[in-house]
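Everything below concerns the one structure shown next.
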Amino acid sequence: MNLKSVDLNLLVSFDALLSERNVSRAAASLGMTQSALSHALKRLRVVFGDPLLRRGPRGMEPTERALSLREPVKAVLAEIHSIISTRIAFDPVTTRRTFKLSMSDAMSMEALPLIVRDLRRHAPNIDVLVTSTGPREACARLLNDEVELAIGVFPHIPPEIMHRELYRDVLVCIADKNNPRLKRGRMDEQSYLASPHVTVAPNLDSGVQLDDIFAAMGFTRRVVATVPHYTALPGLVRGTDLVAHTRRRLVNVLRTSANLVVFPIPAPFRVPDLSFEQLWHPRYERDPGHLWLRDLILNAVGTRPRQTRPSSRTG
């Protein structure tokens, strides 16, 4: 087949159809009419000599041929995006753009205000659309180009995803200041293990799982409440005999009452640090705007000294 006779925009249509599995939703995502996308699907079927999508009980279902084409097509589109974006100058003062970010609710309280503050100061026309997901889903959304950047703790990063560490943090305990097991603002190992605990479900704010470490060492503790986010912990601990662990940097954001006491985890082992990273797909590696945003985030929330932002970056 002569490549000159193939409209490369068909690949964009193919990618949307495979992602949505629905012609009307795919058309809406591309900003085109349903009839125009249906026509594009007919042309795709001719190009690839395959039905590509068939109607099934759960909507449009891809053929084996379509599934085998999905990743190669995504790779081609990512390379085209990278080639085009590197030739477009990015000026944060004048450029209008919306970046799609993924982070947990806790990170939205801990890191997002610092990021937005710098954006308002250096790039007033840049907007962010933030969604909250766990680490596994965030990686999947990066691969599917549903978000452009993910921030948080990621125990398992797919090999094709690029990443850079922002900072490290440690886990600490919090308890009500009137907790009877506290002695001089601390708690010994025996009192800590005997206390009722509240913890964070590992599927969202993942990181160091103390229960797994304790179990491996033969220690047990009673968890009376499991919550989805670190942001719920102070309200649960305050005025009770509960003990919880949270991150040192986050506790300063969430500590709204003088009734909470913060102390090191009295564990018979060194609790590992948490590594906070930003993740992105290689399709955005050479995108000047994306590169600028990654540097801004590192400068805003990272542990290195803050730097003066450059007025523009062309990559």
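The values are calculated or read from the model by the stated rules, or taken from the named source; none is laboratory data. All figures in this text were calculated on a predicted structure; none of them were measured in a lab. No Cβ is skipped: glycine too gets one built from the backbone with ideal geometry, and neighbour counts run over all protein chains shown. Accessible surface is based on the protein model in full, side chains and every heavy atom, while ligands, DNA and RNA are left aside. Shrake-Rupley method; radii C 1.70, N 1.55, O 1.52, S 1.80 Å.
Of the strands (runs of 3 or more DSSP E) contained entirely in the stretch 70-166, those carrying at least 2 residues that are surrounded by fewer than 20 Cβ atoms within 10 Å (Cβ to Cβ) fall at 97-102, 126-131. The single condition among (1) without any contact (Cβ under 8 Å) to a residue 12 or more places away in the chain; (2) in contact with an Asp or Glu (Cβ under 6 Å, 6 or more places away or on another chain); (3) open to solvent by less than 60 Å² (accessible area, probe 1.4 Å) that Arg54 does not meet is (3).
The residue that is surrounded by the fewest Cβ atoms within 10 Å (Cβ to Cβ), among those in the stretch 200-226 that are within 16 Å of Pro266 (Cβ to Cβ) and modelled with pLDDT under 75, is Met217. Tell me, which residue of the stretch 237-255 that is more than 17 Å from Asp273 (Cβ to Cβ) and under 21 Å from the mean Cα position of the chain (by Cα) is surrounded by the most Cβ atoms within 10 Å (Cβ to Cβ)? Only one residue tops the list, namely Leu254. Note on the stretch 262-292: among residues that are of a type in the set (A, V, I, L, M), open to solvent by less than 30 Å² (accessible area, probe 1.4 Å) and over 15 Å from Arg168 (Cα atoms), the one that is modelled with the lowest pLDDT is Ala267. Restricting attention to the stretch 28-43, the residues that are among the β-branched types (Val, Ile, Thr) and open to solvent by 90 Å² or more (accessible area, probe 1.4 Å) add up to 0.
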